[in-house]
């Protein structure tokens, strides 16, 4: 694509994709990274400890082959993502693209077992950590783990938003992202 030093921005599971990229290809080609309500490990007690009990109670339904159970679980997940619920049209659109992913693919995504505790301290590129203070999916305490792994990272805990700060307060989120980009 001809991108020069792009900023990689990953939300929730998307931060794992960024870290997979860096582990595979290194960080020389990127300008920095933004982790938004993100995860850095899966498949262990430490990984499970960052999820809220509300989310964990829904997990079996994410992988259900029975359509109604899958729909119920994904709808509940979407409700957990927001402190202030989006319009019905937006929620149904989100539900639709989540349901487009077959249960066996969802299960495969979350069946991985690894952590990136070894990788985070080796990433010298600028990093921005953003987390919704009212996140009902991933506990806010995860930002301390990320900050420990990347002490150079900038941190923004956004009040009055849940798991999707870019949706619930796009103006403030975009301001943080814009300010961060100016430092790259």
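Closer than 25 Å to residue 20 by Cβ, out of contact with any strand residue (DSSP E or B) (no Cβ under 9 Å at 6 or more places or on another chain) and in a helix (DSSP H, G or I), is that true of residue 98? Show your work before the answer.
Working: closer than 25 Å to residue 20 by Cβ: yes; out of contact with any strand residue (DSSP E or B) (no Cβ under 9 Å at 6 or more places or on another chain): yes; in a helix (DSSP H, G or I): yes.
Taking the combined requirement at face value, the residue satisfies it.
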Can you confirm whether the range 132-140 contains a residue that is surrounded by 19 or more Cβ atoms within 10 Å (Cβ to Cβ), in the same structural domain as residue 13 (by TED's automatic domain parsing) and under 18 Å from residue 8 (Cβ atoms)? no
Suppose we keep only residues that are in a loop (DSSP other than H, G, I, E, B) and buried (at least 17 other Cβ atoms within 10 Å of the Cβ) within the range 1-45. Which one would you say is nearest to the chain's Cα centre (by Cα)? 12
Residue 81 passes all but one of the listed conditions (1) more than 17 Å from residue 10 (Cβ to Cβ); (2) outside the structural domain of residue 151 (by TED's automatic domain parsing); the exception is number (1)
What number of residues in the range 9-31 are at negative phi and touching a residue at least 24 places away in the same chain (Cβ under 8 Å)? 14
Within the range 152-176, tally of residues that are surrounded by fewer than 19 Cβ atoms within 10 Å (Cβ to Cβ) and either within 18 Å of residue 41 (Cα to Cα) or touching a residue at least 24 places away in the same chain (Cβ under 8 Å) (or both): 7
Being at pLDDT 95 or above and not in a loop (DSSP other than H, G, I, E, B) is the filter here; which residues of the range 144-164 pass it? 154, 155, 156, 157, 158
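Give me a count of the residues in the range 46-78 that are closer than 21 Å to residue 99 by Cα and surrounded by fewer than 15 Cβ atoms within 10 Å (Cβ to Cβ).
Going residue by residue through the range 46-78, those that are closer than 21 Å to residue 99 by Cα are 54-78.
Imposing the further condition that a residue be surrounded by fewer than 15 Cβ atoms within 10 Å (Cβ to Cβ) reduces the set to 54, 56-57, 60, 65-68, 72.
The qualifying residues number 9.
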When you scan the range 121-138, do you find a residue that is assigned to a helix (DSSP H, G or I) and under 25 Å from residue 7 (Cα atoms), even just one? yes
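The values are calculated or read from the model by the stated rules, or taken from the named source; none is laboratory data. Quick caveat, the model's predicted, so the values are computed rather than measured. In this analysis, Cβ positions are derived from the backbone assuming ideal geometry, glycine residues included, and neighbour counts consider all displayed protein chains.
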